[in-house]
Amino acid sequence: MNNVTQIVKKVRQAPWRVQHQWIGLFLLALVLMAMIAGIYLNITVGATLAGREIQRLRNEIITNQRVNADSETQLARLTSVEAMLQRADAMAFQPANPDEITYVAVAGYTAQSAVDLSTPGKTERVVPVILPEYSESWFDYFMNQQAASASAGGPP
Amino acid sequence: MKRNLHTWRYVSVALLLAGLGIAILVQIIRIQNSPEVAGVINQGDYIWKDFFPPRGEIYDRHGSLLAGNKTVYEIGLDLTINPDMPTVMLAIQMSGLDLNEVNYRISLATDNAQYIILDDFVSAEKAEQLMTLQKAANADPTGKNLDAIYFKAHYGRSYPETDLASNALGFVTEDNHGYLGIEEKYDNILAGIPVRILVPADPRRATEYPIIPPGQTIILTIDREIQAAIENILDQALVSTDASSGTIVVMDPRTGEILAMSSTPRLNLNDYQSITTVFPGETPFNRAISQAYEPGSVSKILTMAGALDSGAVKPDTVFFDEGSILVGGSRIVNWDGGAWGYQDMTGCLANSLNVCLAWVSSIKMDSDSFYSYMQRFGLGHATGIDLAQETSGRLKLPGDGDWRPVELGTNAFGQGVSVTPIQMVMAASALANDGKMVYPHVLYAQIQDGKQSNTRTQIVGTPISTKTADTISEMLANALETESSTALVPGYRIAGKTGTAQIPLSGGGYDENDVNASFIGWGPVDDPRFIVYVWLEKPQTNRAASVVAAPIFKQVVEKLVVLMDVPPDAVRLQMVGR
């Protein structure tokens with residue numbers, strides 16, 4: 001029994017060493033908390049700034065749309081029938097009469113058709129896509145990775 | 001001793017850091033729970049926000065803008081920051097705003113009002129003047145600032161062509177509602193839906209803002225150049241004939257597309273508030289669809305078409321005109337009171353003989369057959385054209401309380417029956433389009449999500465056969481050539497018919513002094529590209545449609561063949577033959 005006690009006493013930590021361990025653990029926890037808080041703060045600030053940027057850009061889009069509408073209307077006013085007739089008149093043009101026109105057959109000519117205002121290349125409305133990395137949990141991530149690797153390396 | 005010293009140092013550092021951490025936590029908790037922050041979060045969590053989507057634009061068939069949008073401003077006053085009213089009013093006056101309107105709005109404000117709308121739909125020019133004054137006042141530290149004036153930009157309707165096609169377009173009022181014409185008919189798709197909704201104030205939730213779709217853009221069948229040309233011709237015609245009003249409609253008989261539609265008066269759509277002055281009393285906004293009248297002899301083409309189609313007559317059927325005929329116990333005479341002797345059916349049309357047409361409807365046809373054809377031509381029913389405020393006219397039928405037997409005769413030459421110009425155009429499309437009657441429409445296409453959907457041609461009926469349609473067109477073309485009509489256009493074969501109609505009085509009987517003069521025609525006869533309807537109400541220089549309306553038809557066609565690239569018949573047939 002004495003031998004056992006002597007062995008315990010020999011391997012037991014010194015008190016100052018135990019204190020150091022506790023302090024170290026406390027500091028580690030503190031550093032972890034600070035890191036988490038820092039990361040949280042960083043992400044929150046980033047999200048807030050991005051949100052403000054979205055708001056600013058949205059307002060800018062609205063303003064630009066109004067400016068475009070203004071410009072389009074102004075352009076239409078400048079090229080209105082009345083304005084164009086005045087300009088043509090000032091440039092000594094006059095409306096053609098039927099007997100003043102010579103018709104020439106041009107191969108491949110197609111008469112003027114009505115306008116097509118479709119947006120070129122437009123097929124479907126584009127909606128913003130949020131990548132899964134931004135929304136999935138760790139569990140989802142690992143499950144998806146596993147599913148992806150299984151499907152990639154699985155039996156044909 | 002040395003170890004104890006180290007322990008003390010470590011404990012001190014740990015306590016310091018712990019204290020710092022606790023202090024930070026306490027501060028965070030304190031800030032989070034402070035009433036100031038709590039107030040900001042609660043107030044700013046959701047905010048009311050107005051979304052004004054732009055109204056859809058309206059283009060003509062070649063992409064010229066007929067109705068667009070422009071920036072206008074709501075100018076308000078924030079009463080929470082104690083504005084200096086004399087300075088504010090002075091600035092408003094200097095900016096050219098309507099001071100009476102502003103004063104009126106201020107007088108409506110309640111005692112506890114925090115914000116007053118001083119004026120709305122203020123032009124950008126005036127608003128910018130006021131903004132300049134505001135900046136100048138704010139830059140002067142000694143002066144009184146104009147911080148309380150608040151500007152909110154939004155859309156207002158703008159019509160760059162002012163009164164062009166105004167009768168077909170209609171207008172939009174300040175409450176973003178369309179009235180009359182296209183603006184009213186398609187208000188539900190043109191108007192985006194302005195919304196006032198709660199949105200999260202938290203910028204991190206900016207993606208939760210709703211996307212408010214704009215109004216749909218539409219393209220009309222109207223051709224701006226043709227529209228301008230016919231309006232110019234109509235304006236000159238009113239002066240030269242001293243008519244009280246006029247209407248011209250141009251339609252493609254193959255598709256029912258309205259290429260131009262004008263009636264008088266017209267309205268500067270940017271100043272729609274003057275509508276009560278421009279259209280006093282019961283004046284129709286668009287006579288082409290909203291004013292039914294007795295068309296007179298132009299409707300003889302429908303009677304003859306029905307008679308030919310039913311086999312009641314043939315083009316060479318001979319009628320001996322004695323100058324009058326009894327129908328339902330009443331005597332019907334010709335427009336000149338004369339007797340025209342032997343006439344074939346083409347002669348009856350060329351000389352516009354009432355007696356002959358009354359004979360056709362009452363003797364060669366019967367009431368069942370005649371009215372059946374009139375109904376198949378759509379008389380008595382609205383065409384359904386996509387313009388607001390269409391009326392249907394009236395076709396009295398046997399069995400109706402106010403129908404009299406003589407009307408079987410008078411209806412044959414367009415008296416006792418009322419139609420709108422668009423009804424006549426639609427009915428005549430059957431004659432010009434191989435018997436197929438087309439639905440008249442003004443909407444060419446609508447744009448949604450960048451994709452254009454075109455309106456399809458609709459055949460609303462086939463009242464007569466192709467053979468009958470070709471025959472009546474030939475007869476009418478021959479009739480014009482026989483009488484050397486003033487409607488003829490050199491180089492182009494045209495089918496058409498004049499109409500000089502008496503005007504019924506509200507108390508019964510007909511006006512002895514005034515008439516309605518009309519002309520309906522289409523061409524080129526072998527491949528019609530246009531139907532033109534001209535109507536002059538109460539022309540004073542001459543009563544005969546062949547004198548006042550036919551030349552206007554000719555002017556319109558002369559413009560149309562140029563603007564629509566329709567070569568003379570000889571050239572066209574030569575090109576087709578190559």
>> Among the residues in the stretch B:212-235, are any over 15 Å from the mean Cα position of the chain (by Cα), free of Cβ contacts under 8 Å to residues at least 60 places away in the same chain, under 30 Å from B:Val525 (Cα atoms) and surrounded by fewer than 16 Cβ atoms within 10 Å (Cβ to Cβ)?
In response: yes
>> Tell me whether the stretch B:522-541 contains one or more residues that are in contact with a helix residue (DSSP H, G or I) (Cβ under 8 Å, 6 or more places away or on another chain), touching a residue at least 12 places away in the same chain (Cβ under 8 Å) and part of a helix (DSSP H, G or I).
In response: no
> Which residues, counting only those in the stretch A:52-61, are β-branched (Val, Ile, Thr) and facing another protein chain (nearest Cβ under 9 Å)?
Replying inline: A:Ile54
>> Restricting to the stretch B:176-223, count the residues that are assigned to a loop (DSSP other than H, G, I, E, B) and under 20 Å from B:Asn268 (Cβ atoms).
In response: 4
> Is there any pair with a first residue in the stretch A:18-31 that is within 15 Å of B:Leu16 (Cα to Cα) and within 7 Å of chain B (Cβ to nearest Cβ) and a second that is of a type in the set (Ser, Thr, Tyr) and assigned to a helix (DSSP H, G or I) whose Cβ atoms are under 6 Å apart and which are 6 or more apart or on different chains, and what are they?
Replying inline: A:Ile23/B:Tyr10
> Can you find even one residue in the stretch B:495-509 that is of a type in the set (Lys, Arg), crowded, with 24+ Cβ neighbours inside 10 Å and in contact (Cβ under 8 Å) with a residue 12 or more places away in the chain?
Replying inline: yes
> Can you tell me how many residues in the stretch B:348-391 are crowded, with 18+ Cβ neighbours inside 10 Å and either of a type in the set (Phe, Trp, Tyr) or free of Cβ contacts under 8 Å to residues at least 40 places away in the same chain (or both)?
Replying inline: 9
> If a residue has to be out of contact with any Gly (no Cβ under 6 Å at 6 or more places or on another chain), outside any strand (DSSP E or B) and away from chain A (no Cβ under 14 Å) to count, how many in the stretch B:238-255 make the cut?
Replying inline: 7
> How about the stretch B:188-209: which of its residues are touching a residue at least 12 places away in the same chain (Cβ under 8 Å) and away from chain A (no Cβ under 11 Å)?
Replying inline: B:Ile189, B:Leu190, B:Ala191, B:Gly192, B:Ile193, B:Pro194, B:Val195, B:Arg196, B:Ile197, B:Leu198
> Considering B:Ser274, B:Ser263, which residue is away from every other protein chain (no Cβ under 14 Å) and without any contact (Cβ under 8 Å) to a residue 12 or more places away in the chain?
Replying inline: B:Ser274
>> Residues that are away from chain A (no Cβ under 14 Å), β-branched (Val, Ile, Thr) and in contact with a strand residue (DSSP E or B) (Cβ under 8 Å, 6 or more places away or on another chain): does the stretch B:216-230 have at least one?
In response: no
> Do we find that B:Ala445 is more than 27 Å from B:Phe319 (Cα to Cα) and either outside any loop (DSSP other than H, G, I, E, B) or at pLDDT 95 or above (or both) in this structure?
Replying inline: yes
>> Exactly one of these conditions fails for B:Ser484: (1) modelled with pLDDT under 90; (2) assigned to a loop (DSSP other than H, G, I, E, B); (3) within 14 Å of chain A (Cβ to nearest Cβ). Give me its number.
In response: (3)
> Which helices (runs of 4 or more DSSP H) sit wholly inside the stretch B:84-174 and have at least 3 residues that are under 15 Å from B:Tyr73 (Cβ atoms)?
Replying inline: B:99-108, B:124-139
> Here are some conditions: (1) free of Cβ contacts under 8 Å to residues at least 40 places away in the same chain; (2) hydrophobic (A, V, I, L, M, F, W, C); (3) within 14 Å of chain A (Cβ to nearest Cβ). B:Ala136 meets all but one. Which one does it not meet?
Replying inline: (3)
>> With the requirement that a residue be among the acidic types (Asp, Glu) and either in contact with a Leu (Cβ under 9 Å, 6 or more places away or on another chain) or closer than 17 Å to B:Leu488 by Cβ (or both), what does the stretch B:534-572 give you?
In response: B:Glu558, B:Asp569
>> Would you confirm whether or not the stretch B:115-129 contains a residue that is away from chain A (no Cβ under 14 Å), small (Gly, Ala, Ser) and touching a residue at least 24 places away in the same chain (Cβ under 8 Å)?
In response: no
> When you go through A:Thr48, A:Thr73 one by one, which is the residue that is within 7 Å of another protein chain (Cβ to nearest Cβ) and at pLDDT 90 or above?
Replying inline: A:Thr73
> Got a number for residues in the stretch B:373-411 being part of a loop (DSSP other than H, G, I, E, B) and not aromatic (Phe, Trp, Tyr)?
Replying inline: 24
>> So in the stretch A:32-63, with the set limited to residues that are surrounded by 11 or more Cβ atoms within 10 Å (Cβ to Cβ) and of a type in the set (S, T, N, Q), which one is farthest from B:Val13 (Cα to Cα)?
In response: A:Thr63
> Scanning for something closer than 30 Å to B:Pro210 by Cα and among the hydroxyl-bearing types (Ser, Thr, Tyr), does the stretch B:83-105 turn up at least one residue?
Replying inline: no
>> Step by step: first the residues of the stretch B:543-576, then only those that are of a type outside the set (A, V, I, L, M, F, W, C) and surrounded by fewer than 16 Cβ atoms within 10 Å (Cβ to Cβ), then the one that is farthest from B:Gly296 (Cα to Cα). Which residue is that?
In response: B:Gln574
> Looking only at the stretch A:1-25, which residues are within 13 Å of B:Ala18 (Cβ to Cβ), surrounded by 11 or more Cβ atoms within 10 Å (Cβ to Cβ) and modelled with pLDDT of 85 or more?
Replying inline: A:Trp22
>> Going by what's in this entry, would B:Lys144 be described as within 14 Å of chain A (Cβ to nearest Cβ) and touching a residue at least 60 places away in the same chain (Cβ under 8 Å)?
In response: no
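The values are calculated or read from the model by the stated rules, or taken from the named source; none is laboratory data. Keep in mind that what you see is a predicted model, and the values were worked out from it rather than measured. As a convention, Cβ positions derive from the backbone with ideal geometry for all residues, glycine included, and neighbour counts pool all protein chains shown.
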